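K.L.:
Before I ask anything, here is the structure I am working with.
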Amino acid sequence: MIRAFNCDKPWNEFVVEQLAGDELLTPPYANLTSDQADRLIATGFLRMGPDGTGDGGVNQDVARNETIAETVKIVSTSLLGLTVGCAQCHSHRYDPISQTDYFRIRALFEPAYDWKSWRAPNARLVSLWSDETRQQAAAAEKELQEVSKQRLEELDKIVAETFERELAKLPADIQPKAKEVRETPAAKRTDEQKQLIKEYPFLNVDRGSVYLYLVDRLTGFNKKWDELTAETRKKRPADDYVQCLTEVPGQIPSTKLFFRGDFNQPRQDVAPGELAVINTNALSIPADDPQIPTSGRRLAYARHLTNGKHPLVARVLVNRFWHHHFGRGMVPTAGDFGVLGQRPSHPELLDWLAEDFVVGGWKLKRLQRLIVTSTAYRQDSRRRDELEAVDPENRLLGRMPVRRLEAETIRDAVLALSGSLSQKPYGPPVPVSPDDVGQIVVGVDTRDSAGRPTGKVVPLGEDEFRRSLYVQFRRTMPLGVLEPFDEPVMSPNCQQRSTSTVAPQSLLLMNSPFVAQQADAMAARISASAGADPAAQFQRAWRLVFGRHPSAFQTATGAAFLMEQTAAAAAIPPADPKAPKPDPARMALANLCQALVSSNGFLYVD
């Protein structure tokens, strides 16, 4: 997805790949080029809904149908701007969407999400390994097996040597009986032999117990073979699986209309198709496209949505792009263009931008350039009495709205100010886990099988400071530093973010260890570039955080603050007299940096 944005892939291609990238390829999916792999990866869009079918304790029929329902909601709200999911049990109460319409949309996805022949989440993974990579993996596996075999052979020699050494300590007349006991299977031993084992436990020495006799030798043995095994395992290429949506060729289930939405009450068959109210071109999607090995339903629908004539798709997309620039779309309810949604503030402009977007090749960068160079976008945010009198909510954009930074941008901006932000692109996600107090932080989850903290810390290196875009997002484990700032609520998808101003935001900025650490790093960065002069330090900090020069009054008061804080920090007695005393000037500058990133000037775009 990031590659698609960076190379400005046309959105008509982007949407087709998201909905039906697998149907642009021919199964089985092997030896794919990078472009082919991207098409398959794109269908992960349809796998991001909640899928509880991998849990053994759930009612599978319920879980499977819920997964399909959530997928329909994601597609309809994001691309059509309609709450089609409301028609699952009965015709929509407000919009002209019938229950049959709902199951027409469901029929598009049922060949891939066949609830009666379900594939568990792990069974849907597709490997991107080429034949060459598979050969490398097979060679590494063979070498690993050989290492394991040699390890066991050497261990068996140690066991045999240990037995012979311990056997030699026995009286000569007992040694033959002892050997006979060891060579006799446990189930066939006589009472006399069992008694002999009780008297001489070493007769049962094996791979698991030999360390009791040779602790030092086994420690060295394990270290040698563990290192060799680890080195051999590194030769195996990393697994490269894609969470994609695919169909099983030749398996096309019929879609039934469920009476009152109950899958236990199936009624008539329903063919795939578009919603009747917007099916202006009398589109008929084939139940099975003979031209391709899969059903072709999603591919036909995706091409229908992006043919430039669909009444909603381009408008919905443009409205979302506008929303990200102005903090509110021309249709404020970005996921609902229906009766219950709000009316567009500038309907003619929305129509014009949608048409221009399509005519311009569905290019997002072109649209972005058009928006940010417009007079509407280049206005200042100053309130004026004459505007407040006629448009207090600023729906007509008489001024540029003041916008708060999104949660992820706040974290990224703090990292950028401290100089810690990693620009490393792509790759696996940065993991998240609970810390010792239950707060969700960036880090490897090292809890034991009972979910208890082990205290182990796995260093992440620069990955700890990557952009928030690359941090793993789990519905049940929202990152603590983002949560108060209205991170997206994925239930199942975020149709529109809310923006709030609440006390926990300030409390987090004042008390978060993450913010305090980055403020200290920012202080070190400023000291290195501005020297020890408080006025120069304040000016540098102000320019970094706010992007403008402070006034003379602000500089004077800021420098005075730094000197007062330095004196106060110097007067604090050390908690540990033996520990090195922190630099009071550095502490004061870190306090200033934390105060600046906690201010409205940093959090809001004015």
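K.L.:
Amide H neighbours of residue 126 under 5 Å, at least 5 residues apart or on other chains, H built in the peptide plane: list them.
P.N.:
242, 244
K.L.:
For a Förster distance of 35 Å, can you work out the FRET efficiency between the beta-carbons of residue 60 and residue 439, rounded to the nearest 0.05?
P.N.:
0.50
K.L.:
Going down the list 157/223; 142/424; 142/223; 149/169, which pairs span over 25 Å between their C-alpha atoms?
P.N.:
142/424; 149/169
K.L.:
Calculate the spin-label point distance for residue 217 paired with residue 385, positioning each point 7 Å from the Cα along the beta-carbon direction, and give it in nanometres.
P.N.:
Taking the simple label geometry, residue 385 and residue 217 are separated by 9.8 nm.
K.L.:
Compute the FRET efficiency between residue 396 and residue 552 as 1/(1 + (r/R0)^6), taking r as their Cβ-Cβ distance and R0 = 41 Å, and round to the nearest 0.05.
P.N.:
It comes out at approximately 0.60.
K.L.:
Starting with the highest mean, order 387-396, 479-488 by the number of other Cβ atoms within 10 Å, averaged over the residues of each peptide.
P.N.:
Ranked by mean Cβ neighbours within 10 Å, highest first: 479-488, 387-396.
K.L.:
Mind giving me the FRET efficiency for residue 123 and residue 503? R0 is 45 Å, r the Cβ-Cβ distance, nearest 0.05 is fine. All intermediate terms of the calculation are to be shown ahead of the outcome.
P.N.:
Working: r = 47 Å, r/R0 = 1.04.
About 0.45, to the nearest 0.05.
K.L.:
Put a dot 7 Å past each Cα toward the Cβ at residue 423 and residue 291; how far apart are the dots in nm?
P.N.:
4.4 nm
K.L.:
Can you compute the helix-only [θ] at 222 nm over the chain? Use -39500 (n - 2.57) per DSSP H run of at least 4 residues, normalise by all residues, nearest 500 deg cm²/dmol.
P.N.:
-14000 deg cm²/dmol
K.L.:
Follow-up question, since we're still on this one. With 10 angstrom as the radius, rank 2, 158, 105, 285 by how many other C-beta atoms surround their C-beta, starting from the fewest.
P.N.:
Fewest to most other Cβ atoms nearby, the residues stand as 2, 158, 285, 105.
K.L.:
If each residue's Cβ is checked for other Cβ atoms within 10 Å, how do 494, 244, 86, 593 rank with the fewest at the top?
P.N.:
Numbers: 494 16, 244 23, 86 20, 593 28.
With the sparsest Cβ surroundings first, the list reads 494, 86, 244, 593.
K.L.:
Can I ask one more? When we measure straight from the Cα of residue 194, which lysines land under 17 angstrom away, once same-chain ones fewer than 8 places off are left out?
P.N.:
The qualifying lysines are 177, 179.
K.L.:
Ok, one more. Using DSSP to define loop residues, name the trypsin sites (Lys or Arg not before Pro) in segment 443-509 whose beta-carbon has at most 11 other beta-carbon atoms within 10 Å. List each step's numbers first, then the result.
P.N.:
On the way: sites: 447, 456, 466, 467, 474, 475, 497; in loops: 447, 456, 467, 475, 497.
Filter output for segment 443-509: 456, 475.
K.L.:
Stick to the Cα atoms of segment 312-401, pair each with every other, and give me the Kirkwood hydrodynamic radius in Å at one decimal.
P.N.:
13.7 Å
K.L.:
Another question, if that's okay. Which of these values of semi-axes √(5λ) of the Cα gyration tensor in Å was calculated from the structure shown: (i) 55, 43, 21; (ii) 48, 26, 23; (iii) 45, 42, 29?
P.N.:
Of the listed options (i) 55, 43, 21; (ii) 48, 26, 23; (iii) 45, 42, 29, (i) comes from this structure.
K.L.:
Turning to a different aspect of this structure: Place a label point 7 angstrom from the Cα of residue 524 along the Cα-to-Cβ direction, then list the residues of segment 572-599 whose backbone nitrogen is under 20 Å away.
P.N.:
The answer is 579-597.
K.L.:
Exposure proxy check: 352, 225 ranked by fewest other beta carbons within 10 Å? Walk me through the numbers on the way to the answer.
P.N.:
On the way: 352 12, 225 17.
Ranked by crowding around the Cβ, least crowded first: 352, 225.
K.L.:
Just going by the charge dipole of segment 1-157, with Lys and Arg at +1 and Asp and Glu at -1 on Cβ, which of 80, 7, 27 is farthest out on the positive end?
P.N.:
Result: 80, furthest along the dipole toward the positive end.
K.L.:
Measure out, as a whole number of angstrom, how far apart the alpha-carbon centroids of segment 483-550 and segment 395-416 sit.
P.N.:
So the separation of the two Cα centres works out to 13 Å.
K.L.:
Output wanted: per-residue J couplings in Hz (rounded whole) for segment 471-484, from phi through Karplus 6.51 cos²θ - 1.76 cosθ + 1.60, θ = phi - 60°, x for Gly and Pro.
P.N.:
7, 4, 10, 10, 4, 8, 9, x, 4, x, 6, 9, 4, x
K.L.:
Please compute, for the alpha-carbon atoms of segment 404-508, the extent along each of the three principal axes and give them in descending order in Å.
P.N.:
Extents along the principal axes, in whole Å: 38, 31, 28.
No value in this document is a laboratory result; all are computed from the given coordinates. Being a predicted model, the structure only gives us computed values, none of them experimental. For neighbour counting, all protein chains shown are included, and Cβ atoms are generated from backbone atoms with ideal geometry for every residue, glycine included.
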